[in-house]
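K.L.:
Dropping a structure here in structure tokens format, bear with me for questions.
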Amino acid sequence: MKTLANSTFSSTSDCACDSAKKPAQNLASYKQAMADFEAFLQTQNPSSIFDTKERKKHSVSQNSTTQNSNHKDSSSKNSTLPNSTSQDSTSHHSTLQDSSPSFLPPDFHPHFLLAFWEMLLNGGKRFRPNLLLAVVDGLNPMLNKNAFLPALALECLHTYSLIHDDLPSMDNAPLRRGHPTLHTSYDETTAILVGDGLNTYTFYLLSECVLPPSVAISLVRELAMSGGLEGMIIGQALDCHYEKQKLSLEKLQTIHIHKTAKLIAASLKMGAIIANAPSELIAKLESYGLELGLFFQVRDDIIDAVQDSTQAGKTTQNDSAKNSYVNLLGLSGARQKLNELKDKLESSLDSFPKGIQKNLRFLLAEFFKEIK
């Protein structure tokens, strides 16, 4: 099995974000990173990766010399790392293909590999990966492509959470990202297992990221905690448990900090970790991310109340039994809360380095518009 050893840094110090590495002063770099990441995601369907590996396997002789050579390459993954500036999205793609785990032949199961990547290909805002890229690009644009695998890991974990959230045992939603949900297109078993698969694939992607081992470990820990028992999972458990029970605003916010906000905060933190930002900036980004997560939850509750499924691209009018900001505060009160959070978020941007400010203002502008 080949590794990513042919497309990374000359040393772990290349990952550092020092003041000498001046970030771009316009949006071109960030816009390009977002576009390149989307193109990268489109190529990463494990079904096509399997096909590529199969073609390679049948077009070259698989002799023991080659196997031994590959094993030797793997053992030096973290010791011989060329400079990251020579990397492009094509080489990044090919190395992930070469190192991807072996899957069963696509025709062994009638639809599982197709279903596995379907919800990612169905679109989405890519909000969490774009938050990560906003920070990396704002601090050290040279690392943008090295951030693609962590960004993809975030999107995989978020997508798994949506698939499970839509299940009949939870929200029983038939529509997501403008397409039928997986349990609607296939069956509930497929949807559950695709979600499980994306959850574990998340951490495989982090294990392959083109970053120093200490950074990769920090990313694994951050995503596991914010997406697990200290974040999204306990938040979802509380949200389901307290259905049809009216909670106080304080308890509602506690649920949504865990269910929604911690993963959004982790997206910003992971970008800062990749760029080797100082601890003070990481803490500030985390606090901002928690506020941003609450903003998005209030916004989502309002969308559920005022938009139809065609406008929203997902099932709406589905929160009648839930603890939502609209149900607790009324639509007018929820809009007021949203505006308060928006004003705080906009003013807080001034405290960040110019590159991060620039990117986040661009990314958030669309979400700060009034919901109609």
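K.L.:
Let me confirm something: among Tyr160, Tyr201, which residue is at pLDDT 90 or above, of a type in the set (Phe, Trp, Tyr) and either open to solvent by 50 Å² or more (accessible area, probe 1.4 Å) or in contact with a Leu (Cβ under 7 Å, 6 or more places away or on another chain) (or both)?
P.N.:
Every option except Tyr160 fails the conditions.
K.L.:
Pairs please, first residue from segment 207-236 and under 16 Å from Ala147 (Cα atoms) and of a type in the set (Gly, Ala, Ser), second anywhere and open to solvent by less than 60 Å² (accessible area, probe 1.4 Å) and in a loop (DSSP other than H, G, I, E, B), Cβ atoms under 7 Å, 6+ apart in sequence or on different chains.
P.N.:
Ala216/Cys209
Yes/no matrix, rows are residues, columns are (1) under 25 Å from the mean Cα position of the chain (by Cα); (2) over 15 Å from Phe127 (Cβ atoms):
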{"residue": "Arg299", "(1), (2)": "yes, no"}
{"residue": "Ser332", "(1), (2)": "no, yes"}
{"residue": "Arg335", "(1), (2)": "no, yes"}
{"residue": "Lys342", "(1), (2)": "yes, yes"}
{"residue": "Leu349", "(1), (2)": "yes, yes"}
{"residue": "Leu364", "(1), (2)": "yes, no"}
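K.L.:
Out of (1) over 17 Å from the mean Cα position of the chain (by Cα); (2) more than 15 Å from Ser226 (Cβ to Cβ); (3) in contact (Cβ under 8 Å) with a residue 40 or more places away in the chain, the odd one out for Pro278 is which?
P.N.:
Of the numbered conditions (1) over 17 Å from the mean Cα position of the chain (by Cα); (2) more than 15 Å from Ser226 (Cβ to Cβ); (3) in contact (Cβ under 8 Å) with a residue 40 or more places away in the chain, the odd one out for Pro278 is (3).
K.L.:
Continuing with the same structure: Any residue at all in segment 73-84 that's touching a Ser or Thr at 6+ places or on another chain (Cβ under 6 Å) and at pLDDT 50 or above?
P.N.:
no
K.L.:
Here's another thing I want to ask about it. Can you tell me which residue in segment 170-201 is nearest to Leu120 (Cα to Cα), limited to those that are small (Gly, Ala, Ser) and in contact with an Asp or Glu (Cβ under 8 Å, 6 or more places away or on another chain)?
P.N.:
Ala191
K.L.:
If I filter segment 259-269 for residues that are outside any helix (DSSP H, G or I) and crowded, with 24+ Cβ neighbours inside 10 Å, do I get at least one hit?
P.N.:
no
K.L.:
Follow-up question, since we're still on this one. Name every residue in segment 239-256 that is open to solvent by 50 Å² or more (accessible area, probe 1.4 Å) and of a type in the set (A, V, I, L, M, F, W, C), in order of residue number.
P.N.:
Cys240, Leu249
K.L.:
Which ones in segment 262-285 are among the hydroxyl-bearing types (Ser, Thr, Tyr) and closer than 17 Å to Pro150 by Cα?
P.N.:
Answer for segment 262-285, where residues must be among the hydroxyl-bearing types (Ser, Thr, Tyr) and closer than 17 Å to Pro150 by Cα: just Ser267.
K.L.:
Of the residues Asn172, Asn140, only one is crowded, with 24+ Cβ neighbours inside 10 Å, of a type in the set (S, T, N, Q) and more than 8 Å from the chain's Cα centre (by Cα); which? Steps first, please.
P.N.:
Numbers: Asn172 fails: crowded, with 24+ Cβ neighbours inside 10 Å.
Unique residue meeting the criteria: Asn140.
K.L.:
Take the conditions at pLDDT 95 or above, open to solvent by 60 Å² or more (accessible area, probe 1.4 Å) and of a type in the set (Asp, Glu) and apply them to Glu230. Does it pass? Reasoning before the result, please.
P.N.:
On the way: at pLDDT 95 or above: no; open to solvent by 60 Å² or more (accessible area, probe 1.4 Å): yes; of a type in the set (Asp, Glu): yes.
For Glu230, the condition - at pLDDT 95 or above, open to solvent by 60 Å² or more (accessible area, probe 1.4 Å) and of a type in the set (Asp, Glu) - is not met.
K.L.:
Please verify whether segment 283-295 includes one or more residues that are under 19 Å from Ser161 (Cβ atoms), in contact (Cβ under 8 Å) with a residue 40 or more places away in the chain, part of a helix (DSSP H, G or I) and open to solvent by 40 Å² or more (accessible area, probe 1.4 Å).
P.N.:
No.
The values are calculated or read from the model by the stated rules, or taken from the named source; none is laboratory data. The structure presented is a predicted model; accordingly, all values stated were derived computationally and were not measured. Neighbour counts are summed over all protein chains in view; Cβ atoms, including those assigned to glycine, are modelled from backbone coordinates with ideal geometry. Heads up: the accessible areas ignore ligands, DNA and RNA and are worked out on the full protein's heavy atoms, side chains in. Shrake-Rupley method; radii C 1.70, N 1.55, O 1.52, S 1.80 Å.
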